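The values are calculated or read from the model by the stated rules, or taken from the named source; none is laboratory data. Given the structure is predicted, the values throughout are model-derived calculations rather than measurements. So basically every Cβ, Gly included, is an ideal-geometry build from the backbone, and we count neighbours across all protein chains shown. These area figures cover heavy atoms from the full protein model, side chains too; ligands, DNA and RNA do not enter into them. Shrake-Rupley method; radii C 1.70, N 1.55, O 1.52, S 1.80 Å.
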Amino acid sequence: MHPDVLSDKPGECPKCGMELVPLEKKTKPAKPAAHHEHHVTRRETRSTEDVTSHSAHAMAMTSSINLADPMSRESSGTSWMPDSTPMYGHMFMFGQDMLMLHGGAFPRYVYASTSRGDDRIDMPNWIMGMYSHSVNDSIQLGARLMMSLDPLTEGGRGYPLLFQSGESWHGQPLHDRQHPHDLFDELSLSYSQKLTNDLSTYLYFGYPGEPALGPPTFMHRQSAMDMPDAPISHHWQDSTHITFGVATAGLQWNNVKIEGSIFTGREPNENRYNFDKPRFDSYSGRLSWNPIPNLALQVSHGYIKSPEELEPDLKQHRTTASAIYNVPLEQDANWATSFVWGQNDTTREGRSESFLVETNFQRGRNTVYARWERVEKSRHELVLSGSDVERVFPIGGYTIGFVHDVIHNRGIDVGLGAQFTINDMPDRLEKYYGTDLPYAVQVFLRIRPSRHGTVAVEHDSHMGK
């Protein structure tokens, strides 16, 4: 897939994550020993077969959205990750067709302090399949399905998350809870075509799907994939990742992409099992650039009509920018960091901003991660009573966590983890949250597929046979 990547040592391709197989130089065997000549020939044949198998394998590692992209670049919706991002999943080949399965689950106990907190046992989770079919060398069809059992494991109110806001339950706005995701989070089709060696285009339709607005959503960012919690800045940055009705067109030249979407502005309703009415009343545009394999940049802007079901007259303009940096360190080590800024300009409330930095360092069985974020939330967002409070409150969140894999690179990774979060808030909010420092603690299992390429023997048994 990447003829520009040359190496005389084993390792992984920095662009797509595939295992590199060194090409052995053919040498003439010594003539005196006929059996030695036969041995070398067999070794050379096996080496050639390995390289051929790897080449065929690499050729299949293209994005299901755009056949001009490596699969490692593909993320939620049509957004981009750095090309060097490792992939966690199982890939299956069916002739020219490819299926990649991803997923994650976090069985856990979580406790959030303050009078607005809660404690419970639950399990945030998701599973995703990406399928692509090559029509010919320049045309590809793609399909994706993403589902979550959050409606069962999290209930209608979702899980405890201090200072989180957005969506509703029983006709009341949610606060200090992360809403559950729908049973169907993505059901999409795509068409992509290479126009020249450097120029390609694609069409994407999702019901539901994700418009071209914001960075990759948190659960698909390498820097956040070990964190059970959503960011409290979620509704300033990437909350449109479940949209019932979205159509996106994109044009890509080398590593630069411009795309536009029309989509439904209304957030999913309280019925998490149905398909909401498509409206196509909102729009967005995004410019993405991967200047080097380790870096993905994007800026985007969108108009979102009537996002809240409880306030249908509300309108919102959202602007985001992000930089995601990924560094492959060794064959089983990686460091990913994301910087995300988001701004909402909302009817009657004006502008409010958010900023997030999160990082994830993994080496072997151990992972350390952290998140720092700051977001401006209004009295309306936090569902506060009274008229004497300030209009906007700056809220901070500081999270650190650790995961140790008790099962690692066996086709599935099962890690035992712990996470601690503290928040800061203005003194004016003490009448609602109390005078003690808000914090949350949790212990969890992190269950996901192993990193692609680390269980090659298992994969080879399924492919091309």
Exposure of HIS380 as accessible area (Å², to 10), given a probe of 1.4 Å and all protein chains: 80
Förster radius 56 Å - calculated FRET efficiency between GLU330 and SER115, Cβ distance, rounded to 0.05: 0.75
Whole-number percent relative contact order across segment 405-448, with pairs defined as alpha carbons under 8 Å at least 6 apart: 48
Peptides ranked, highest mean first, by Cβ atoms within 10 Å: ranges 320-328, 206-214: 206-214, 320-328
Size of electric dipole in segment 183-248: Cβ of Lys, Arg +1 and of Asp, Glu -1, about Cα centre, debye, nearest 20: 200
Mean separation of Cα contacts under 8 Å, 6 or more apart, over the residue count of segment 287-424: relative contact order %: 14
Estimated dipole of segment 162-208 in Debye, rounded to 20 [Cβ of Lys and Arg +1, of Asp and Glu -1, Cα centre]: 100
Segment 364-437, dipole about Cα centre (Lys/Arg Cβ +1, Asp/Glu Cβ -1), debye to the nearest 20: 220
Area accessible to solvent at THR153, 1.4 Å probe radius, in Å²: 30
Solvent-accessible surface (1.4 angstrom probe) belonging to ASP137, in square angstrom, nearest 10: 150
Solvent exposure ordering (accessible area, 1.4 Å, most first) of LYS431, LYS305: LYS431, LYS305
Over 27 Å between alpha carbons, listed pairs LYS277/LYS315; LYS305/LYS377; LYS257/LYS305; LYS194/LYS315; LYS315/LYS377: LYS194/LYS315
Rel. contact order, % - alpha carbon contacts under 8 angstrom, at least six apart, segment 274-313: 36
Where labels lie 7 Å past Cα in the beta-carbon direction, separation of TYR273 and ALA143 in nm: 2.4
Backbone N within segment 114-139 under 18 Å of label point (7 Å from THR435 Cα along the Cβ vector): 114-116
